Amino acid sequence: MNLKMGEEVIMSMRHAFFTFVRFGLVGVFATALHYGLYCLLHLFMGANAAFTVAYVLSFVANFYLTSYFTFGTSPSWRRLWGMCGAHAVNYLLQMGLLNFFLWVEVPAVWAPLPVYAIAVPVNFILVRFVFTRKDK
């Protein structure tokens, strides 16, 4: 392997690493926003409604931060629809898990925490696919 190819590999690995770090930061922010809004809204409405409203609001912030900050791309309709699809799957997974944890009597204020532990890695895989595909 020549020196130029080695430098390209290192630069590619650095780029992937820092993309992953930015994705993690956006994910932590979006999850914290979702959880904070859920806790606030749960004071005024049921767990499922609070979870859903908080999910939608955090989704909007997540989409723009993922576009600009994580992947350095402009938002597009294709990316929005792709992220909507990824988050539709993620939302259904989270709602199923939330209701499971509520059913096994995890307190409503704590139930989202194990949900995030399971659903966030799934969401990472789906969203990464959406934002790393090339636009046609």
*Give me the distance in nm between label points sitting 7 Å out from Cα along the Cα-to-Cβ direction at MET11 and ARG133, one decimal.*
2.8 nm
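Helices from the chain with mean Kyte-Doolittle at least -0.5 and a Cα length along the axis of 30 Å or more, per DSSP H: which?
Numbers: long enough: 3-41 (56 Å, 1.00); 77-103 (38 Å, 0.54).
Flagged H segments are 3-41, 77-103.
With only alpha-carbon pairs counted, each pair once and no self-pairs, how large is the Kirkwood hydrodynamic radius of the stretch 32-132 in angstroms?
On the way: mean 1/r = 0.0713 Å⁻¹.
Over the stretch 32-132, the inverse of the mean reciprocal pair distance is 14.0 Å.
For the stretch 3-79, rounded, prolate or oblate, judged on the Cα gyration tensor with a ≥ b ≥ c (square roots of eigenvalues), a/c < 1.5 rounded, else prolate if a/b > b/c? Mind dumping the intermediate values first?
Working: a/c = 5.26, a/b = 2.73, b/c = 1.93.
Prolate.
Given a Förster radius of 22 Å and the C-beta distance between MET45 and VAL106 as r, what FRET efficiency does 1/(1 + (r/R0)^6) yield to the nearest 0.05?
Numbers: r = 19 Å, r/R0 = 0.86.
Efficiency at R0 = 22 Å is approximately 0.70.
Can you tell me how much longer the chain between LEU93 and VAL122 gets when fully stretched, taken as 0.36 nm per residue apart minus their C-alpha distance, in nm with one decimal?
Details: separation 29, 0.36 × 29 = 10.44 nm, distance 0.93 nm.
Gain on stretching LEU93 to VAL122: 9.5 nm.
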_Over the chain: helical MRE at 222 nm, DSSP H runs n ≥ 4 each giving -39500 (n - 2.57), nearest 500_ = -28000 deg cm²/dmol
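Every read-out reported here was derived from the displayed coordinates using simple, explicitly stated rules and does not represent laboratory data. What you see is a predicted model, and the numbers here were worked out from it, not measured in a lab. Glycine gets a Cβ as well: all are built from the backbone with ideal geometry, and neighbour counts include every protein chain shown.
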